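Following: one structure in structure tokens, then a few remarks.
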Amino acid sequence: MMENKKLNIAYKKTCDCQPNHINCLTAKEWVKSQVGIWEFFYEKRDIRDKSIHPAVFPIALPAKCIELFTHKGELVIDPFAGIGSTLVAAQDLQRNAVGFDLNERYIEHAKKRLSQTRLENSAQQVLINDDSINIPMYLEKETVALCVTSPPYAHMLNKPRLNKSMRADKRNNKHYNEVQQYSDNPRDLGTMNHDDYANALTEIYKGILPLMKPRAHCVINVNDVWWENKRIPTHIYVVNALEKAGFALRNVLVWDKRNLVNGVGIFGWPNNYIKLGATFEYILDFWKPD
């Protein structure tokens, strides 16, 4: 029998929005979000040092999802919280949030980030060092308004970093030839091949589904990978995994990262065209069907 670890955390909206509204946005703000290509900028609080974490999305990405799919006071979860960008965004926007991660070092770094705010905020942000498969142990059914995350990318980080997307004179940096794996834990999605990765995602999100409110959204940011001279469509694995778990795909959005790319190298020229993977990522929007 599983130990009861249920959190005492608020999940009801505290705003005065109409009952049929899914967020606190005005009509003018809503229109801006209808464009299927999103662009974000890093700010000073964003962490871009790969020695701290090898793959971090900007605070602006979860912030946009939180504003679009929740009200103030509602509950957001991140099953793969890393160093806590989703929870920082939730803190900024007065949403309650819970983040889970296997790596204790990431959890401790995320706690430090959350402690740096000086804003008065009644919303709670809680970080838990545990496997995402155990999320149902911590939360009550139909309390979560949004699940948003960027999961590890299967076994992409299991090989030495060769920096092929960088210009030749920039490749030999401090991370060159490093293996920047998240951890050696066999339950870490970043250690799995793509089939096992998809199966693990399905099991994790099967547990999350009952925790979601009806029509609550679940957003996953993911990129396809180039592995041993093959294109691996990670976003398709994710779509299949989430649909097997019971979620329904609602929107496919693109994170246009061209404004963040500089000093890129030329690879594949002149006879093997390979698109530069650093220029965009997928933002997959699902929801819990009625």
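Quick note: the coordinates plus some simple rules give every number you see, no bench work behind them. None of these values were measured; they are calculated from a predicted model. FYI the Cβ positions are ideal-geometry reconstructions off the backbone, even for glycines, and counts take in every protein chain you see.
Observations, loosely collected:
- Peptide packing for 217-224, 96-103 was compared via the average number of neighbouring C-beta atoms within 10 Å per residue; ordered from the highest value, the list is 96-103, 217-224.
- With R₀ fixed at 35 Å, the C-beta to C-beta distance from ASN129 to VAL31 puts the FRET efficiency at about 0.30.
- Per-residue extension of 0.36 nm, minus the Cα-Cα distance of ALA248 and VAL261, leaves a gain of 1.4 nm for this segment.
- For GLU108, GLU281, order by how many other beta-carbon atoms lie within 10 Å, fewest first: GLU108, GLU281
- Proxy reagent accessibility, fewest Cβ within 10 Å first, across ILE236, ILE37, ILE77, ILE9: ILE37, ILE236, ILE9, ILE77
- Restricting the range 6-88 to GluC sites (Glu not before Pro) in coil, as DSSP defines it, with at most 14 other Cβ within 10 Å: GLU39, GLU43
- Pairwise centroid distance, computed over Cα atoms, of the range 211-272 with the range 60-135, Å: 22
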